[in-house]
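**Q** Can you read through this structure? Questions will come right after.
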Amino acid sequence: MLSCEDFIAKNKLFKSGEIIGVGCSGGSDSIALLHYLASNQEKFDIEVVAIHVDHEIRENSYLDADFVKEKAKEWGIRFYKFRVDAPKIAREKGISIETAARQARYGVFKSLLQKGLVDKIALAHHMSDQAETILMHIFRGSGITGAKGMSPISEKVYVRPFLNISKQDIYRYLDENHLDFCEDETNEDTSYNRNFVRNVIMKDILSRWPNAIEAIVNFGQTVADDDEFINKQIYAEAILQEDKIVRIPLSYFLFDNAIVSRIIFKAIKSIGVTQDIEKKHIDIIKKLAVSGENGKKISLPYGLVAIKEYDYLTILNNNVEKVVFEVPFKCGEFLLPNEKKLVVKRVKDFAINEGQLLIDYRKVPKDAIWRFRQEGDVFTKFGGGTKKLKSYLIDKKVPARLRDSLPVLAKENQIFAIAGLEISDLVKVEDVPTAYSIELK
């Protein structure tokens, strides 16, 4: 019997009544996990379903899917099968097949989670996987965060019940329960990074240091404990987040490197990027914050962009679809895509409150609309003088990331008002009993 019940309870991997999808390739580790959880559904008060993703890397990969399907039927659990063309994804994205397969597999998992078909995904990573992961992260230059290795639970939905179990324990469990499994010949292909670490590097290390796996895993746990303590020293106001944008006041880059690095990692994680950010990327961001010119930007993996904006270092996740906003010019309340609200109303009291603009609605063309800015927009400043809208917003020190989400009142490329900022001289109020008030809330 595997000794992971206490590990599962200690790390609170399952909640009563949850549906747990087990990622099952048909290999030894995932078959052992699927059988163990399926056999203990009542003990953990969960429902287990099998999930198989065929990456189409091998011509006979469909046989693995059939094998897992038969096991699921034998053990009385539901079965989900998916096919992804990892080689094609790799070619189109210019990435390794290994990375493409992982991205596609997690895309399947995410879809199942979002549809509510499962509550969590159980993965069969064990101690040897943990040791290999720690080494791979160190080789890639990931720093302390990567040296921690994998967590028992990540992103609140991916759980690893076998993380404290050795490979020998898994083989013993398979023997005791007379379980067969699929042998994937690509596991011997050392062109894949993990296979190289497992079949070449780790074999050499273990021939010299037989307890290396336990030592590396213990090192990772020590690093995780230290990292947790240091992370507790980070002030909440060091990270200002709004949707897919996060800002760090430049003053925080005067702190010790151990704190600054963790602030950056935490900021990036807060906008949805949790992998492939290495120490070299953190160092680039630090350099930008400390010595970069205002307005300078750098591109990072996974659509991240870092920008130095006046008193802040801003990081954006650009993997967001550009939204369209267009409403007619009239009184009313209009909800913007960023969940702010544009309020237009008729007023007689011309006492202007902070953030409020007044315009002479008679001077606005009837077919004018509220929209976001476009290339070619021009703006006649209050008091006279016409400029490109982009240049005007730069003069007003509006950060670049906000310029495309400011509602503007326009006809073609003529801008009559910029909500929350300024009105054009073309629509200024002159000797009228009523006007339109514009507020951005």
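The values are calculated or read from the model by the stated rules, or taken from the named source; none is laboratory data. Model, not experiment: these values are computed from the prediction. Every residue, glycine among them, receives a Cβ derived from its backbone with ideal geometry; neighbour counts consider all protein chains shown. In case anyone asks, the SASA skips ligands and DNA or RNA and just uses the protein heavy atoms, side chains included. Shrake-Rupley method; radii C 1.70, N 1.55, O 1.52, S 1.80 Å.
**Q** Less than 15 Å from a label point 7 Å out along the Cα-to-Cβ axis of residue 200: which backbone N atoms in region 140-159 qualify, by residue?
**A** Counting backbone N atoms under 15 Å from the label point, the list is 140.
**Q** Right, another one. Taking 0.36 nm per residue of separation and subtracting the Cα-Cα distance, what length does fully extending residue 180 through residue 319 add? All intermediate terms of the calculation are to be shown ahead of the outcome.
**A** Details: separation 139, 0.36 × 139 = 50.04 nm, distance 4.23 nm.
Gain on extension, residue 180 to residue 319, equals 45.8 nm.
**Q** Next up: Could you pull out every residue, at least 5 positions away or on a different chain, whose amide H is within less than 5 Å of the one on residue 142? Hs are placed 1.01 Å off N in the peptide plane, and Pro or chain starts have none.
**A** Those lying under 5 Å, H to H, from residue 142 are 279.
**Q** Go through region 211-227 residue by residue and turn each phi into a ³J(HN,Hα) via Karplus (6.51, -1.76, 1.60, θ = phi - 60°); whole Hz please, and just put x for glycine and proline.
**A** Those phi angles translate into 9, 4, 4, 4, 5, 5, 5, 5, 4, x, 5, 4, 4, 4, 5, 5, 5 Hz.
**Q** Let me ask something additional. Need one word for region 50-167: rounded, prolate or oblate. Basis is the Cα gyration tensor (sqrt eigenvalues a ≥ b ≥ c); a/c below 1.5 gives rounded, then a/b vs b/c decides. Could the numbers behind the result be given before it?
**A** Details: a/c = 1.71, a/b = 1.25, b/c = 1.37.
The shape class here is oblate.
**Q** If you filter region 252-316 for trypsin sites (Lys or Arg not before Pro), then keep DSSP loop positions with at most 16 other Cβ within 10 Å, what is left? Don't skip to the end; give the middle numbers.
**A** Details: sites: 262, 266, 269, 279, 280, 286, 287, 296, 297, 308; in loops: 296.
Loop-located and lightly packed - 296.
**Q** With +1 assigned to the C-beta of every Lys and Arg and -1 to the C-beta of every Asp and Glu, and no other charges, what is the dipole magnitude of region 70-136 about the Cα centre in debye, to the nearest 20?
**A** The calculated dipole for region 70-136 is roughly 360 debye.
**Q** Now for a separate question. Please compare each pair in 296/396; 156/280; 296/397; 330/363; 296/390; 15/81 to a cut-off of 19 Å on the Cα-Cα distance and tell me which ones are over it. Mind showing how you got there, number by number?
**A** Details: 296/396 17 Å; 156/280 28 Å; 296/397 14 Å; 330/363 13 Å; 296/390 16 Å; 15/81 25 Å.
Correct reply: 156/280; 15/81.
**Q** Also, quick follow-up: Just to be sure I understand: of the beta bridges DSSP finds with both ends in the chain, what percent are antiparallel, rounded to 5? Each step should come with its number before you reach the end.
**A** Numbers: 48 of 66 bridges.
Counting DSSP beta bridges with both partners in the chain, the antiparallel share is about 75 percent.
**Q** Moving on to the next point. Counting alpha carbon pairs within less than 8 Å and at least 6 residues apart, what relative contact order, in whole percent, applies to the chain? Please list the in-between numbers first.
**A** Values: 705 pairs, mean separation 46.7, N = 441.
It comes to 11 percent, rounded to a whole number.
**Q** Counting helices only, and only those DSSP H runs with n ≥ 4, report the 222 nm mean residue ellipticity of the chain as the sum of -39,500 (n - 2.57) divided by its residues, in deg cm²/dmol to the nearest 500.
**A** On the way: 16 runs with 158 residues, N = 441.
So the helix-based figure for the chain works out to -10500 deg cm²/dmol.
**Q** Hey, another quick one. Which of 141, 27, 332 moves the most in a Gaussian network model of the chain with Cα springs under 10 Å?
**A** 332
**Q** Oh, and also: Given a 1.4 angstrom probe, what's the average accessible area per residue across the chain, in square angstrom?
**A** Numbers: 23870 Å² over 441 residues.
With the other protein chains kept in place, the chain gives 54 Å² per residue.
**Q** If the reach is capped at under 24 angstrom between alpha carbons, list the lysines near residue 88, excluding any in the same chain fewer than eight residues apart.
**A** 110
**Q** Now for a different question. Residue by residue through region 301-307, which ³J(HN,Hα) values in whole Hz follow from phi under the Karplus form 6.51 cos²θ - 1.76 cosθ + 1.60 (θ = phi - 60°), with glycine and proline marked x?
**A** Ordered by residue, 3J(HN,Hα) equals x, 6, x, 7, 10, 10, 9 Hz.
**Q** With a sphere of radius 13 Å drawn around the Cβ of residue 8, what net charge do the other residues whose Cβ falls strictly inside it have (Lys, Arg +1; Asp, Glu -1)?
**A** On the way: positive: 10, 12, 15, 43, 120, 160; negative: 5, 6, 18, 45.
After counting each charged neighbour, the total is +2.
**Q** Mind jotting down the distance between the C-alpha centroids of region 282-342 and region 22-77, whole Å?
**A** 42
**Q** GNM, the chain, Cα, under 10 Å: largest mean-square fluctuation among 367, 225, 283?
**A** Of 367, 225, 283, the most mobile in the Gaussian network model is 367.
**Q** Right, here's the next one. At q = 0.09, 0.12, 0.13 Å⁻¹, what log₁₀ I(q)/I(0) does a Debye calculation on the Cα points of the chain give, no solvent, two decimals?
**A** Reported log10 I(q)/I(0), two decimals: -0.75, -1.06, -1.16.
**Q** Suppose R0 equals 60 Å; then what is the FRET efficiency for residue 171 and residue 431 from their Cβ-Cβ distance, rounded to the nearest 0.05? Let's see the in-between values first.
**A** Numbers: r = 90 Å, r/R0 = 1.50.
FRET efficiency, residue 171 to residue 431: 0.10.
**Q** How large is ³J(HN,Hα) for each residue in region 176-193, as worked out from phi by the Karplus curve 6.51 cos²θ - 1.76 cosθ + 1.60 (θ = phi - 60°), to whole Hz, x for Gly and Pro?
**A** Karplus-based 3J(HN,Hα) across region 176-193 equals 4, 9, 6, 9, 9, 7, 8, 9, 8, 5, 6, 5, 9, 7, 7, 6, 7, 4 Hz.
**Q** Something else now. Counting only C-alpha contacts under 8 Å and six or more residues apart, can you give the relative contact order of region 1-98 as a whole percent?
**A** Details: 128 pairs, mean separation 24.1, N = 98.
RCO, region 1-98: 25 percent.
**Q** On to the next question. Report the residues of region 150-184 in range of a label on residue 75: point 7 Å along Cα→C-beta, backbone N strictly under 17 Å from it.
**A** Backbone N within reach: 159-163, 165, 169-183.
**Q** Right, something else. Considering amide H positions built from the backbone, and no H for Pro or chain starts, which residues 5 or more places from residue 417, or on another chain, come under 5 Å of its amide H?
**A** Those qualifying (amide H under 5 Å, at least 5 residues apart or on another chain) are 409, 424.
**Q** With the full set of protein chains in place, find how many percent of the accessible area of the chain is carbon and sulfur; take the probe as 1.4 Å. If you can, show how the numbers build up before the last one.
**A** Working: 11810 of 23870 Å².
Carbon-and-sulfur percentage of accessible area, whole number: 49.
**Q** Let me ask you something else. Determine the gain in length on full extension of the stretch residue 297-residue 363; use 0.36 nm per residue of separation and subtract their C-alpha separation, reporting nm with one decimal.
**A** Net length gain for the segment: 19.8 nm.
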